[in-house]
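> What follows is a single structure, and I will ask about it in a moment.
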Amino acid sequence: MKTNLRFTFFVLLLVLAGLLVAPVSAQGAQPPTDDDVNAIAKELYCPVCENTPLDVCATQACAQWRDLIRLKLSQGETESQIKQYFVENYGARVLNEPPREGLNWLAYLVPPVIILAGAVFLVRALRMMKKPVAAVPAEGPRVEAPADDYIARLEEEVKKQK
Amino acid sequence: MLAEFGYGVLLVTFLLALYSVGASVYGYYNKSASMVESARRSMLLTFPLLSIAALSLISLLVNGDFNVQFVYEVTSRSMPAYLKVTAWWGGQAGSLLFWSWLMSAFASLVTLRKWDRDQEFLPWVIVVASVTLAFFLALNIFFENPFARLYQTFDGNIAAYTLAPANSTPIVPADGRGLNPLLRHPGMIIHPPMLYLGFVSYVIPFAFAIAALVTGRTDDRWIRITRRWSLWAWLFLSFGLVLGGRWAYDVLGWGGYWGWDPVEIAAFMPWLTGTAFLHSVMIQEKRGMLKQWNMVLIILTYALVIFGTFLTRSGVLSSVHAFAQSAIGPSFFVFIGVTFVTSIALLIHRWEDLKAEAEMKSMLSREALFLLNNLLFMSVLVVSFWGVIFPLISELFTGQKVTVGPPFYERANSPLFAALMFLMAIAPLSAWGHSTIQTLGRAIWKPTIAALAITVAIFFTYTRNWIALIGFFLVALVILVTLYEFWRGARARQKTQGENFFTALSHLTGKNRRRYGGYVIHISMMLMAIGILGIELFQNETQGTIQVNQSLELQGYKLVYKDIAQWDDASTGVNYTRATIEVYKGGQLVTELHPRTDYYYEAQQNMTIPGVRSTMADDVYVLLVDWEPASAVGATFKLYVNPLVNWLWVGSLLFLVGVIIAAWPEKDPERVTVRATRSARQTSAAD
């Protein structure tokens, strides 16, 4: 019982100390630098301009949004919280990529599917081309040339000129 | 009066273009040479006519006739005369006229060539060029008249009209709005014409392709005729892109040159198909293969050229709704659709005639590798195209606007570019028709070892970033293989001819300009790749507000803020704020930089001009982000260190040299191979 009381007292003291110290340490933390702000702004797009990242946008509105990021950083919000705030207020267009959800998956899936289809098509076309395709006769030695043929021809040509 | 005159000239030219389409078609089907000749002459007449229209517009611009809406929108009294001239392409209506003018110039140039052997192509080349010209003229005539004047109607509204409405009074503003400050930079003065030159010159190879399809003369004659055209078109387009990048770097103030912006991609897409085309036509010339594919590529290039102009001109990028409201958007859409469908229908109609004449012998032959190259270029195109249109699709179907930014493109395209570089390294060593692992391996092992050695050296001295190391390895491999090819050829000549090495080298290049010009281009691309790797992977930035004599530090550089000055330039209507900064490296003063902010009173717009110290190792790039009077809080600077970026610009100069070597006229006229004449005979027999 005695130890329990002592323990409770100790905990209380700690909590009190914590309460006293917490604001002090928050004030003592480094205020966010321009680089901290830009690191987040770089990944966001200006909600009103066309295709302009927030870190380089020169408008007054963007300067205010950067100040907002600074404020939120100083309030201890994390990068993802800040991004979430911008998405909630200005829509998904502030992100530098479509969020991976719903129809947006198409953005990520369509190109690889088309490219793969292209590759398959190419391989099949190459196989088909490997079979003789037309009745046109083979074209003499030029086509059958080995790898070093170019140099050989070059030498021949030069000899002829002599 | 001059404005009405200019509009009248446009109208006459439009009718003339339509006439030449009709006369050409009629002449072709009725075998009337005189009708075709009449069509050709009308085509020729469009150039002087459009020059007159253009001169009328320039005269209005230079004389500041602000009653004309276009003049009011893009010029102002304080602008210097040369800017008033270049304001011609500084706005929508003018730039469309500029397009038409270039189109008529190129169409005239091509109709002036000797046609004796290719007479049957002529009517259809005229048709394609005239249809394209008529379309762009129609945009000017019906929607975006550069000569429209401002009137106030009886109900008090002020608007631009081609003809004065009833009960209206002309409005003459005291001064114009002035050209967008961003467009006053020398880079921006040359960049759009370069891009347009590239865009428009691709119409010519397309016209020949269509002529070949319609006439059934589907041998590679059309490719041989347009080979040099395609190269010049490619040069202009490439240089337009590079200049655009340079302009962004110098003026936009974001420390970079390329941001995967839809407008940039609009110009990049025809470049991709154009580059694939440049490579794959060689397979058709050498081996009689891929004829159908080459048609597809040139049709795509044309469609993308028009699509690129559409993207930048119709407002579709800002929103699908802006597109629907824009006057010219739907017309563009219909034009692209109709020309594309017609071209593809023609291609399908001739599909059988375009069958390959030879077989693919080996998966490692040069033609197989070229095919792979084409697949990669098309893959980059797919990624880019999808990235540009996805936001439109999303907005259309879900109403949600999204942004597709650099991470999307970079993630998808970087491996594709790396694969392209690898191909660039092995393709020159493979032979037409036939190659094996052994022949390739024999040729490539020495350059590979050397490239590995260079990569190891880079690992110990410069970076341990593995993406960078792969990149630098590929760059080294491509450059070494290419140099090895030069060396091999020159040695062969040296042995047999007894020339000294450099004479041998120059004769070698002169004898096969396209091949060795192409190799120079490959090397130049690798120099550019060094710059791109540098800025993409190693760019560093910091920002801070400092007072006079305080400093910012980044990557071994120390920037000391010395002074700031602010003044008005009454003659140009610009307020300049210019900081003086000393740059130290290792305690040594290396240079003084002057980042500035230019405020344009008329446009109420700021321009942030960086102070840049450029070396081959890195660029120190400083922006004056914000400022207060020097005594108070100080000024805010953003400092970038952009490693290696200068290689990009140096590479682009070498690129120019390469294209000029490749496109320079050969002494002997186009050599027509036995195969080409044979198939030509077959075609004519079939007719």
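> Once you place label points 7 Å from the Cα toward the Cβ at residue B:41 and residue B:116, how far apart are they in nm?
Label at residue B:41, label at residue B:116, 2.3 nm between them.
> Right, next: Counting Lys and Arg as +1 and Asp and Glu as -1, each charge on the Cβ, what is the dipole of chain B about the Cα centre in debye, to the nearest 20?
2760
> Express the relative contact order of chain B as a whole percentage, based on alpha carbon pairs under 8 Å and six or more residues apart in sequence.
Reported relative contact order: 10 percent.
> Determine the sum of side-chain charges near residue B:164: Lys and Arg each +1, Asp and Glu each -1, restricted to other residues whose C-beta is under 11 angstrom from that of residue B:164.
For residues surrounding residue B:164, the net value is 0.
> With runs of 4+ DSSP H residues as the only contributors, calculate the mean residue ellipticity of chain B at 222 nm using -39,500 (n - 2.57) per run, divided by the residue total and rounded to the nearest 500.
Calculated mean residue ellipticity at 222 nm is -21000 deg cm²/dmol.
> Report the FRET efficiency, 1/(1 + (r/R0)^6), for residue B:174 and residue B:143, where r is their Cβ-Cβ distance and R0 is 25 Å, rounded to 0.05.
Result of the calculation: an efficiency of 0.35.
> So what is the relative contact order of region B:1-179, in percent, for Cα pairs below 8 Å that sit 6 or more residues apart?
RCO, region B:1-179: 30 percent.
> Right, something else. Specify whether the C-alpha gyration tensor of the protein assembly as shown places it in the rounded, prolate or oblate class, a ≥ b ≥ c being the square roots of the eigenvalues: rounded for a/c under 1.5, otherwise prolate if a/b is larger than b/c and oblate if not.
oblate
> Another question, if that's okay. May I ask you to order B:521-527, B:504-510 by the average number of other C-beta atoms within 10 Å around their residues, highest value first?
B:521-527, B:504-510
> Of B:187, B:260, B:207, which is farthest along the charge dipole of region B:186-295 in the positive direction, counting Lys and Arg as +1 and Asp and Glu as -1 at C-beta?
Selected residue: B:207.
> What longest region of chain B stays clear of GluC sites (Glu not before Pro) that DSSP places outside H, G, I, E and B and that have at most 14 other Cβ atoms within 10 Å?
Here the longest segment lacking exposed loop sites spans B:1-665.
> Where Lys and Arg each count +1 and Asp and Glu each count -1, what net charge lies around residue A:122 among other residues with Cβ under 15 Å from its Cβ?
My count for the surroundings of residue A:122 gives +2.
> Relative to the present Cα-Cα distance, how much length would full extension add between residue A:67 and residue A:120 at 0.36 nm per residue of separation?
Length gained, residue A:67 through residue A:120: 14.0 nm.
> I've got another one for you. I need the shape label for chain B. Rule: rounded when a/c is under 1.5, else prolate if a/b > b/c, else oblate, with a, b, c from the alpha carbon gyration tensor.
Oblate shape, in that a/c is at least 1.5 and b/c is the bigger or equal ratio.
> OK, next. Determine the dipole magnitude for region B:540-646: charges of +1 sit on the beta-carbon of Lys and Arg, -1 on that of Asp and Glu, nothing else is charged, the reference point is the Cα centre, and the result goes in debye to the nearest 20.
The calculated dipole for region B:540-646 is roughly 300 debye.
> A further question on this structure: Below 8 Å, C-alpha to C-alpha, sequence gap of six or more: please give me the relative contact order for region B:540-646 in percent.
After rounding, I find 26 percent.
> Magnitude of the Cβ-charge dipole of the protein assembly as shown, K/R +1 and D/E -1, about the Cα centre, nearest 20 debye?
3120
> Which whole number gives the average, over all residues in B:256-269, of C-beta atoms from other chains lying within 10 Å of the residue C-beta?
Shielding by partners across B:256-269 averages 1.
> For labels at residue B:580 and residue A:60 in the simple 7 Å Cα→Cβ model, what's the distance in nm?
Going from the residue B:580 label point to the residue A:60 one covers 3.2 nm.
> In whole angstrom, note down how far apart the Cα centers of region B:535-576 and region B:424-454 are.
If we compute the Cα centre of each part, the gap is 48 Å.
> Counting only trypsin sites (Lys or Arg not before Pro) that sit in a DSSP loop (anything but H, G, I, E, B) with at most 16 other Cβ atoms within 10 Å, what is the longest stretch of chain B containing none of them?
Maximal segment without exposed cleavage sites: B:465-666.
> Please compute, for peptide A:121-130, the average count of beta-carbon atoms on other protein chains lying within 10 Å of each residue's beta-carbon.
4
> Under the classification rounded if a/c is under 1.5, otherwise prolate if a/b is larger than b/c and oblate if not, where does region B:391-543 fall, given a ≥ b ≥ c as square roots of the Cα gyration tensor eigenvalues?
Since a/c reaches 1.5 and a/b is larger than b/c, the shape of region B:391-543 is classed as prolate.
> So, in nm, how far is label residue B:158 from label residue A:81 when the simple model puts each one 7 Å beyond its Cα toward the Cβ?
5.1
No lab work stands behind these numbers, since they all come straight from the coordinates. What you are looking at is a predicted structure, and each value in this text was computed from that prediction instead of being measured. Every residue, glycine among them, receives a Cβ derived from its backbone with ideal geometry; neighbour counts consider all protein chains shown.
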